[in-house]
Structure formats: structure tokens, C-alpha cells
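Reviewing the structure listed below.
The values are calculated or read from the model by the stated rules, or taken from the named source; none is laboratory data. Just so we're clear, the structure is a prediction, and the values are computed from it rather than from any experiment. Every residue, glycine as well, gets a Cβ built from its backbone with ideal geometry; the counts of neighbours run over all protein chains shown. Calculation scope for accessible area: heavy atoms of the full protein, side chains included, ligands and nucleic acids excluded. Shrake-Rupley method; radii C 1.70, N 1.55, O 1.52, S 1.80 Å.
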Amino acid sequence: QVQLVESGGGLVQAGGSRRLSCAASGNIFSIKTMAWYRQAPGKQRELVATVTSDGITNYADSVKGRFTVSRDNRENTAYLQMNSLKPEDTAVYYCNWDVTVITAEIPVHFNYWGQGTQVTVSS
């Protein structure tokens, strides 16, 4: 069983920075894509950023130039560095991973979500 745990959320003033982390526990064979999503009150969950196993990154237009996604494959951890935060960045941030585990010598693919971490940006 794999679990993802986010940390780093909290209250920050507009213009400030915050670094989110997402760490995995469990027996993971490989991780293809690590993604960050967010969901603001009353809105649908939206994709914020992704990083592939090759280190290729992609960002939502709303965060380009302000957020940086990265990963540490040895530590099975993903990061989201958020700079120049705006009140509209206020949301619960979730990590989402495409994971391969080995079960009875057979690779099995799963998609896992973390429990979310609240980021609140005050104006």
C-alpha cells in the first residue's frame, strides 16, 4: 500500500513564498509522473504542474514563472516551490502520482492522491 503525504501548507501574505512537499511511503518500484493539483472553494480541481520521470515539467498558465515543480527520485519526494503568491492561489493543494508497484513479481500501475494541504494567501 502506497500513501502520499503533503506538507508545507499554511498562511502566507501576498507576494510571499511557500514550498510544498509530497512524500511517499510504501514499496514503490517506479514513479512515472508526479503532479500537483489544487482546488479552491466552489471550484473544480485543476492541474497546477507536472514533472515526468525524465524531468520534463509543465505548468498551468496561471502559475508559469511563479511556481517550480521538482522531484527527488531517490527520496520519492515531489516539491512545489511557490513564489509571488497571489490571493487567487488560495486552495487545497494535492499531489497525484502514477506509480508502479511489484506484486507477485508482476508490475501493477496505480494512481495515488495525497490528502491535500491548505494554502491560504492573504491580501
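Results, tabulated for the structure shown:
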quantity: Count of residues meeting criterion [assigned to a strand (DSSP E or B) and under 16 Å from the mean Cα position of the chain (by Cα)] in segment 4-25; calculated: 13
quantity: For residue 41: the one exception among (1) within 20 Å of residue 120 (Cα to Cα); (2) assigned to a strand (DSSP E or B); (3) open to solvent by 70 Å² or more (accessible area, probe 1.4 Å); calculated: (2)
quantity: From the options 25, 123, residue that is exposed (fewer than 13 other Cβ atoms within 10 Å of the Cβ), more than 17 Å from residue 4 (Cβ to Cβ), of a type in the set (S, T, N, Q) and at pLDDT below 95; calculated: 123
quantity: Extreme residue, nearest to residue 108 (Cα to Cα), among residues of segment 52-76 that are of a type in the set (Lys, Arg) and open to solvent by 90 Å² or more (accessible area, probe 1.4 Å); calculated: 74
quantity: Residue in segment 100-107 that is touching a His at 6+ places or on another chain (Cβ under 7 Å) and either closer than 20 Å to residue 3 by Cβ or polar (S, T, N, Q) (or both) present; calculated: yes
quantity: Which numbered condition residue 49 fails, given (1) aliphatic (A, V, I, L, M); (2) surrounded by 15 or more Cβ atoms within 10 Å (Cβ to Cβ); (3) modelled with pLDDT under 95; (4) over 13 Å from residue 2 (Cα atoms); calculated: (3)
